[in-house]
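K.L.:
I have a structure here, written as structure tokens, and I will follow up with some questions on it.
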Amino acid sequence: MSDDSMDWMQDAPRIVVLGSLNMDLVLRVPHAPDAGETLMGRSIARSAGGKGGNQAVSCARQGAAVQMMGCIGADADGRALREALEQDGIDTRAVRVQSDEPTGTALVMVDDAGQNRIVVIAGANAQARASEAELTAALTGAAFLLIQFETPMAEAVRAMQVARQVGCRVLMNPSPVHAVDDALWPLVDTLVVNEVEAAELSGLPVRQPLQAAAAARVFHDRGVPRIVVTLGHAGAVALDADGARHHPAPRMDVVDTTAAGDTLTGALAAELARGATLDQALGQGIRAAALCVMQLGAQSSIPSRDAVLHSAPAPIWTRLPS
Ligand code: RIB
């Protein structure tokens, strides 16, 4: 089955993202250095990033109205990150400035195969928070709240609880992965995990689609209605009450995989918020991620909705045995 028809499109939905904002220092290297090795890199560049910021930009470039909640330092990086979001039409009024912390930084090493290794210094992201009144105002009438794990867990939980109270769906992307309290799972409407996160949180091995479906069933049994497990070049597995499906990825020339997961997550949320089915939304997310990996950098490589719709169609998806 394929989902090329986009005539289910409706008015721009509103999405709230609570998450990190980092200035990425992107180093191109021939390979990851070993312990004790000094390596000559190919280039260095600064690029707007952070999982929260990247997902907000992906939602906005897919046509959603986006509000960002996060925290930056009172420095040039913070100002540059705010301006980058505003250039995409993102509402940044709920991005706080913490004057005694630097803006978050990520050291991103990209090797010749396009694979990355990332170290994040949280800085001001550790102060990301919003009051109950701010959360209620932002989440009332919003289609989705997007949460990742680069900002404080207690704040994410509070936001998820408020979202539940006001009828806003929660998309959780537990990255970087750490333990999730059992009470949290039923607050999640849509879970997006990569193979490493799926394995860590389910306790099962996740290397191929059937294993991804088994892990997704564990999350479904914990109370999450919709699960997407991404598998890099092997595509992704979607699971909901209708069973498990494997969505292959298109062939692509990989330059840099940074923000591919964020691009998929943002596009998926924007399409689900428009009323797309999980398979339609995931098809769009996979196509967006395929375009993202062909360019260097995080927000600089996230495609527009038009670019995605003019790219190669998503490969045909298949049902997996239950
Ligand atoms: O997911 C990619 C992002 O992870 C980078 O932009 C970096 O800032 C880290 O947060």
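K.L.:
So which strands (runs of 3 or more DSSP E) stay within the stretch 87-144 end to end and still have 3 or more residues that are touching a residue at least 12 places away in the same chain (Cβ under 8 Å) and away from the ligand (no atom under 16 Å from the Cβ)? Give the steps one after another, and end with the answer.
P.N.:
Details: elements: 91-98, 104-110, 116-121.
Hits in the stretch 87-144: 91-98.
K.L.:
Please verify whether the stretch 203-220 includes one or more residues that are in contact with a Pro (Cβ under 6 Å, 6 or more places away or on another chain) and either in a helix (DSSP H, G or I) or at pLDDT below 95 (or both).
P.N.:
Yes: the stretch 203-220 contains one or more residues that are in contact with a Pro (Cβ under 6 Å, 6 or more places away or on another chain) and either in a helix (DSSP H, G or I) or at pLDDT below 95 (or both).
K.L.:
Among the residues of the stretch 67-83, write down those that are farther than 24 Å from THR136 by Cβ and either over 18 Å from the mean Cα position of the chain (by Cα) or more than 15 Å from the ligand (Cβ to nearest atom) (or both).
P.N.:
GLY73, ALA74, ASP75, ALA76, ASP77, GLY78, ARG79, ALA80, GLU83
K.L.:
Here's a follow-up. Would you check which residues across the stretch 84-117 are open to solvent by 80 Å² or more (accessible area, probe 1.4 Å) and under 20 Å from the mean Cα position of the chain (by Cα) and list them?
P.N.:
Those that are open to solvent by 80 Å² or more (accessible area, probe 1.4 Å) and under 20 Å from the mean Cα position of the chain (by Cα): GLU86, GLN87, GLN115, ARG117.
K.L.:
With the requirement that a residue be in contact with a strand residue (DSSP E or B) (Cβ under 7 Å, 6 or more places away or on another chain) and of a type in the set (Gly, Ala, Ser), what does the stretch 10-47 give you?
P.N.:
Correct list: ALA12, GLY19, SER20, ALA32, GLY41, SER43, ALA45, SER47.
K.L.:
Can you tell me which residue among SER304, SER322, SER311 is open to solvent by 10 Å² or more (accessible area, probe 1.4 Å) and out of contact with any helix residue (DSSP H, G or I) (no Cβ under 8 Å at 6 or more places or on another chain)?
P.N.:
Numbers: SER304 fails: out of contact with any helix residue (DSSP H, G or I) (no Cβ under 8 Å at 6 or more places or on another chain); SER311 fails: out of contact with any helix residue (DSSP H, G or I) (no Cβ under 8 Å at 6 or more places or on another chain).
Sole residue among the options that is open to solvent by 10 Å² or more (accessible area, probe 1.4 Å) and out of contact with any helix residue (DSSP H, G or I) (no Cβ under 8 Å at 6 or more places or on another chain): SER322.
K.L.:
Select from the stretch 223-275 the residues that are small (Gly, Ala, Ser), touching an Asp or Glu at 6+ places or on another chain (Cβ under 8 Å) and open to solvent by less than 30 Å² (accessible area, probe 1.4 Å) and list them in ascending order. Outline the logic, then answer.
P.N.:
Here is the first cut: in the stretch 223-275, the ones small (Gly, Ala, Ser) are 223, 232, 234-236, 238, 241, 243-244, 249, 259-261, 266-267, 269-270, 273, 275.
Narrowing the set further to residues that are touching an Asp or Glu at 6+ places or on another chain (Cβ under 8 Å) leaves 232, 238.
Scanning the stretch 223-275 gives a single hit, ALA238.
K.L.:
Could I ask something else about it? Among residues belonging to the stretch 165-190 that are more than 17 Å from the chain's Cα centre (by Cα) and under 24 Å from ILE118 (Cβ atoms), point out the one that is least open to solvent (accessible area, probe 1.4 Å). First the steps, then the outcome.
P.N.:
From the stretch 165-190, those more than 17 Å from the chain's Cα centre (by Cα) are 165-168, 179-187; that's our starting set.
Filter once more, keeping what is under 24 Å from ILE118 (Cβ atoms): 179-180.
Values: ALA179: 85, VAL180: 21 Å².
The qualifying residue least open to solvent (accessible area, probe 1.4 Å) is VAL180.
K.L.:
Filter the stretch 21-66 for residues that are more than 16 Å from the ligand (Cβ to nearest atom), surrounded by 24 or more Cβ atoms within 10 Å (Cβ to Cβ) and assigned to a strand (DSSP E or B) and give the result.
P.N.:
Correct list: VAL66 only.
K.L.:
Conditions first: (1) part of a strand (DSSP E or B); (2) surrounded by fewer than 19 Cβ atoms within 10 Å (Cβ to Cβ); (3) not aromatic (Phe, Trp, Tyr). VAL193 passes all but one, so which condition is the exception?
P.N.:
If we test VAL193 against (1) part of a strand (DSSP E or B); (2) surrounded by fewer than 19 Cβ atoms within 10 Å (Cβ to Cβ); (3) not aromatic (Phe, Trp, Tyr), just (2) comes out false.
The values are calculated or read from the model by the stated rules, or taken from the named source; none is laboratory data. Please read these numbers as outputs of a predicted model, since none were measured by experiment. Don't worry about glycine lacking a Cβ; one is built from the backbone with ideal geometry, like all the others, and counts go over all protein chains shown. These area figures cover heavy atoms from the full protein model, side chains too; ligands, DNA and RNA do not enter into them. Shrake-Rupley method; radii C 1.70, N 1.55, O 1.52, S 1.80 Å.
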